[in-house]
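Structure record follows, encoded as C-alpha cells.
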Amino acid sequence: MTDTVVPSPIVHELLNEDNYEEWSLRVETYLLAKGLWEVVEATTEPPKREDGEVEFNAWRKSNAEALHSIQVSCGADTFSYIRGTRSAKVAWDILAEKLKPTEASQPTGTGEISNDHIYVTLASLAGKEDYYINQTIADFIMRGDDGDAPMHLLEGRREALIARRETGVTLLHLAVFYTKVDIAKKLVHLMEREDLEIPDNVGLTALHYVIDRTPENVELAECMVGKNKTLLSISLPPEKTIPLLAGKTTPLIQAHYIRSEGGEKMARCLYSLTPHETLNDSECAMLVIRGLMLKRFDIAWDLIQRRPELVIAKDFYGRTPLNELASISSAFLSGSSLNFWEQWIYDGIQIPAIEDDVCINIQKPEDGEQSNKRQKHLIYSGTSLFRGLVVKTFGKLLGFDRIYRMKLAHVRILEFLPCMCEVTKNKDVKELQGLEKAMFLAIKKGHVEYITHLCRANYKLHDITNEKGRNIFQFAAECRQHKIFSLLYGLGDQRNWEPFVSGKDKSGNNMLHVVGTISSAAQINRIQGAALQMQRELQWFKEVERFAESVDHEVINKTDEMTPRELFTKVHKDLVKEGEKAMKDTATSCTVVGALIVTIMFAAAFTVPGGNKQDTGLPVFLSKTAFITFIVSDVISLFSSTTSVMIFLGILTSRYAENDFLLSLPTKMILGHITLFISIVAMMITFSSALSIMLHGKSSIAILLTLLTSVPVASFIWMQFPLLLELIISTYGAGVFDRKIKNWPREDPKYSDSC
C-alpha cells in the first residue's frame, strides 16, 4: 500500500516498504541543500554539553531539523521504525538497515519486521562503534518491541553498556523507565558493580528510578542491591529530595514515602537489605514517623524494639515519633467519631497481636559465618492470623473495611504506646524534646490514651503548663475534652483535685474562669443547635463547680476583673439569645404541625368511614376490628397532638434564663417532640384503618397504600430522631463526664496523694 501526501515539501511520495532508494536520494539532496547532511553523515560521536554550550546547542538544533525532515518524509508504517529515536543519524541508519533492498534486510511481506530480521539488523552493527550499538539498543527499548533484545551485542562492550544519553541516563535507566524489567535484570548482570552507581543529569541512579516508577518490582531492586550495597546509601539530589533536606533521602526513605502498596513492599524489601547499624537516629526516627502516619507498623515496630530511645530522637525536620504521634488525628479511638452501628461493628472486630500479624525479614549484623544469613524477626501465629483474615475478608464483603483498618491502626498504636512512653520514665520534662507541646496538642484532639500512658510513665508530666500557664486539666476544660478532664476523678478525693482546679494561669484565671470562657479550642459548633450548646456549657460549669472550693467561686481574675460566674454570664450572653431564638423557632413550627393534626383528628372522629345507621345513629362498621382501631388511634392522635401543642406553647412563653437551658427547656422540648411523634404515628394508623374498611375485599391495594403511610413516620424519625436522642442523652443520660475512671495510673512510687 502506498502512502502519498501531496503537500510534502521534501518528497513526492512518503517512505514505504518499496521506494527506499528513490526516497533516500530525495531526502539526502534536501538535507544537503539545507546544510544538514553533516549531522547524518557524521562518523564521530556528537558533542556533549560539557564540551561547550555553543557547539552543543548548534549540533542539537541541526540534529532536530534533520530528524524532523526524515520523520515528515516517512509513511505511517515506516515511521514506527524510528518512533522514539532522538538522533537523525540513528534514524537514517535504522531505515537503511530495515528498508534498503538487500537480501538480508527484505521485509517478511506482512508489513512487519520479524525477530530474526531484528537480530540480523542489530548484528550488522556489531562491528561499529559503541555509540551506535548503544543508540540502537536504546531505540529498541523505547519502541517497546515485544521480542527479546540481543543483549549479547553488549558483551565485552562496557562503553556501549554505560554510555550516557543527552539526559545522562544509561541503558539501565531507560529499561527501568520503560518498565522493561527483564532487560533491566540482564543489564544489571552485564554491568560492573560501580556501573550501577552512575546517575543521570539530576543525580538519580537506576535504583531511584525503580523505586519511583515500578516500586512493586522488588526483585529488580534486590538484584541491584545484591550486586552493589552502596546503592542503599546514595541519597536523592537536593532538588529531588522528599523532605527538602539535601542529601538525606536514601532509597529506603524514598520508598517509605510512596503511599501505594508497591511502596510498602519496596520499603520492606530495602529495610531487610539494609544493615541496621548503618541507619542513623534521624533516618530511623523518620522511618518510625512515616510508618505511624501511613499505618505501616512492621518497620516501625522492629526499630522501636531494637532501639527504644528512637521515640524521642529527632528526624531531619526536628520531629520526634512520640511528639508526632500526638498530632495524628486517626491514631486513637478517642479521636474518631463513630455512630451507633459503626461502634457496634468496631467492638465486634478482633485484631491479632502485632507479634502474630507482622512478618519482616531482617538481615543480621555481620557476625562470622552468619553474616549472609537472615532471620525472621517476627513470625505469624496461624490461629490469630486466620481469625484476623476472616474478619477482614467479611468486613470487605459487607463494606466494613474502613472500620477494620481503623481498628487495626488503633490496636497497633496502643501496642506501640507503652513501649514509647516507657522511654520517658524518670526523665526531666526538658529532656523530652518539646513533649509538653505534644501533650497539649493531644489534649486538644482528645487523645485520652496518649495522655494516660504518658502520665503512667512519668508523673512529672502532671505538672506541665502551656504558654498561658494552664495545667493539663485546665486546658482540657478549655478545649471541652471531657474524656481527659474526667481523669481527675481517678486522682481520688478533693485534696488531690485542688491543685489543678484552684491553680491560676498567668491571667489569674482558675478552672472556673476557664470554663466560663469560650475559646476557639472549645469547638462547641460540633454540637447541634445553640440551645444544646448552651446546655453543654452549663454542664461544664456545674461539673467544675463540684471540684472547686467555695473560695474559688469568688476569685477575681486580672484580665476582666470578674468572678467566674460573672465572666460566664458575660461571655454566654449572645449564646443565650441564639438558644432562645432557636427554641422558639422550633416550637413555633411544631405548634403549627400539632394544630393541623388536632383539626384533622377532631373532624375524623365525626366523619367515620361508612357513615351511621339511620335508625340508631351508630356507625355502620362498629363491630369490625378495623373500626375499633380507627377510633382508638384517632383519640390517641388527637390527645397527643393537643398535648404537644400545649407543651410547645409553654416553650414559647417560658423564661429564658441561663439555668433554664440546663433542664427545664430541654425537658419541655423532649416531651413536645415525643408527643408530636406519637400523634403522627397514631394519625397514620387511623388513616390505614379507614382504608382497610373502605377497601374491604381488596387487601392487596389496602396493604400497598398502608405501606405508603409509613413514609411520613420514617421521614420524622430520619430528620428529628437524632436531635431528640441527643437531647435525651445530654439531659438525662450519663452526660459528657465519666466519673468511673479506673485506668488512671498510680503505680509510680513517687506519685503521692497530693500529686
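Throughout, read-outs are computed from the coordinates displayed, never taken from laboratory work. Since we're looking at a predicted model, the values are computed, not measured. In this analysis, Cβ positions are derived from the backbone assuming ideal geometry, glycine residues included, and neighbour counts consider all displayed protein chains.
Computed from label points 7 Å out along Cα-Cβ, the spacing between CYS419 and SER233 is 2.7 nm. Rounded to whole numbers, the Karplus 3J(HN,Hα) couplings from phi for region 464-469 are 6, 9, 8, 5, 8, x Hz, using 6.51 cos²θ - 1.76 cosθ + 1.60 with θ = phi - 60°, and x at Gly and Pro.
3J(HN,Hα) along region 258-264, derived from phi through the Karplus expression 6.51 cos²θ - 1.76 cosθ + 1.60 where θ = phi - 60°, amounts to 7, 7, 5, 5, x, x, 5 Hz, with x in place of Gly and Pro. Sorting TRP59, TRP23 from the fewest to the most surrounding beta carbons within 10 angstrom yields TRP59, TRP23. Close amide-amide hydrogen proximity is noted between LEU15 and CYS74, GLY75, each under 5 Å apart and 5 or more residues distant or on a separate chain (H modeled in the peptide plane; Pro and chain starts excluded).
Over 18 Å apart at the Cα level, from the set LYS427/LYS460; LYS185/LYS227; LYS444/LYS504; LYS542/LYS584, are LYS444/LYS504; LYS542/LYS584. Counting other Cβ atoms within 10 Å as a rough exposure proxy, the listed residues VAL711, VAL555, VAL210 run VAL711, VAL555, VAL210 from fewest neighbours to most. Relative to the Cα centre, the charge distribution of region 150-228, modelled as +1 at Lys and Arg Cβ and -1 at Asp and Glu Cβ, gives a dipole magnitude of about 180 debye. 3J(HN,Hα) along region 544-556, derived from phi through the Karplus expression 6.51 cos²θ - 1.76 cosθ + 1.60 where θ = phi - 60°, amounts to 5, 4, 5, 7, 7, 6, 4, 5, 5, 6, 10, 5, 9 Hz, with x in place of Gly and Pro. Exposure proxy for LYS558, LYS668: other Cβ atoms within 10 Å of each Cβ, ordered fewest to most, give LYS558, LYS668.
Full extension of the chain between LYS577 and GLU431 yields a length gain of 47.7 nm, computed as 0.36 nm times the residue separation minus the alpha carbon distance. For GluC sites (Glu not before Pro), the sites in region 422-467 that DSSP calls loop and that have at most 11 other Cβ atoms within 10 Å are GLU467.
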